[in-house]
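Chemist: Submitted below is the structure of interest, expressed as structure tokens.
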Amino acid sequence: MATWSDILVEARQDLGFTGDMVPRNLQGIRAALKPERLPDLDRELATLSEGPDFVAFLDAWWSQALVDSASGTEDKERALDFADLAIALRVRGAVKPLTR
């Protein structure tokens with residue numbers, strides 16, 4: 001299974017994404033989000049503990065943080081495409097193939 005940093009490199013190369021990289025952790029996400037989004041993040045975080053729900057929470061808010069950290073409309077679209085691809089690559093690597 002590829003590491004997260006390998007996945008980000010692959011996604012950057014596939015899409016030519018050159019935007020800022022937001023760390024996929026709460027500190028990085030909080031720092032990159034627009035301030036008006038923080039209450040929503042905190043409200044959702046308060047309902048989570050761990051496991052798949054927390055991973056989905058990180059994916060969603062990391063994607064939003066990448067978009068918030070981008071400047072123009074085109075850069076925001078590229079950031080969202082990059083986030084979608086990186087998450088898809090991570091999920092694909094985490095799914096075990098079916099064996100017969």
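Chemist: May I ask you to list pairs of residues, at least six apart or on different chains, whose Cβ atoms are under 7 Å apart, with the first in region 83-100 being over 29 Å from residue 69 (Cβ atoms) and the second being at pLDDT 70 or above and assigned to a loop (DSSP other than H, G, I, E, B)?
Modeler: Going by the 7 Å Cβ cut-off, there are no qualifying pairs.
Chemist: Being of a type outside the set (A, V, I, L, M) and modelled with pLDDT of 95 or more narrows it down to one residue among 81, 53; which is it?
Modeler: Of 81, 53, the one residue that is of a type outside the set (A, V, I, L, M) and modelled with pLDDT of 95 or more is 81.
Chemist: Filter region 36-53 down to residues that are part of a helix (DSSP H, G or I) and either farther than 19 Å from residue 87 by Cβ or among the hydroxyl-bearing types (Ser, Thr, Tyr) (or both), then give me how many there are.
Modeler: Total meeting the criteria: 6.
Chemist: Still on this structure, please answer the following. What's the total number of residues in region 38-50 that are surrounded by 10 or more Cβ atoms within 10 Å (Cβ to Cβ), at pLDDT below 95 and among the aliphatic types (A, V, I, L, M)?
Modeler: The total comes to 2.
Chemist: Looking only at region 54-76, count every residue that is more than 14 Å from the chain's Cα centre (by Cα) and either assigned to a helix (DSSP H, G or I) or under 13 Å from residue 87 (Cβ atoms) (or both) and tell me the total.
Modeler: 3
Chemist: May I ask you to list the residues in region 5-37 that are surrounded by 12 or more Cβ atoms within 10 Å (Cβ to Cβ) and farther than 18 Å from residue 70 by Cβ?
Modeler: Selection gives 6, 7, 9, 10, 26.
Chemist: Tell me yes or no: at least one residue of region 61-71 is touching a Gly at 6+ places or on another chain (Cβ under 6 Å) and in contact (Cβ under 8 Å) with a residue 24 or more places away in the chain.
Modeler: yes
Chemist: When the residues of region 1-46 are filtered to those that are among the charged types (D, E, K, R) and in contact (Cβ under 8 Å) with a residue 40 or more places away in the chain, which remaining residue is farthest from residue 93 (Cα to Cα)?
Modeler: Of everything passing the filter in region 1-46, 20 is farthest from residue 93 (Cα to Cα).
The values are calculated or read from the model by the stated rules, or taken from the named source; none is laboratory data. Just so it is clear, the structure is predicted and the values come from calculations on it, not from any experiment. Quick reminder, even Gly has a Cβ in these numbers, built from the backbone with ideal geometry, and neighbours come from all protein chains shown.
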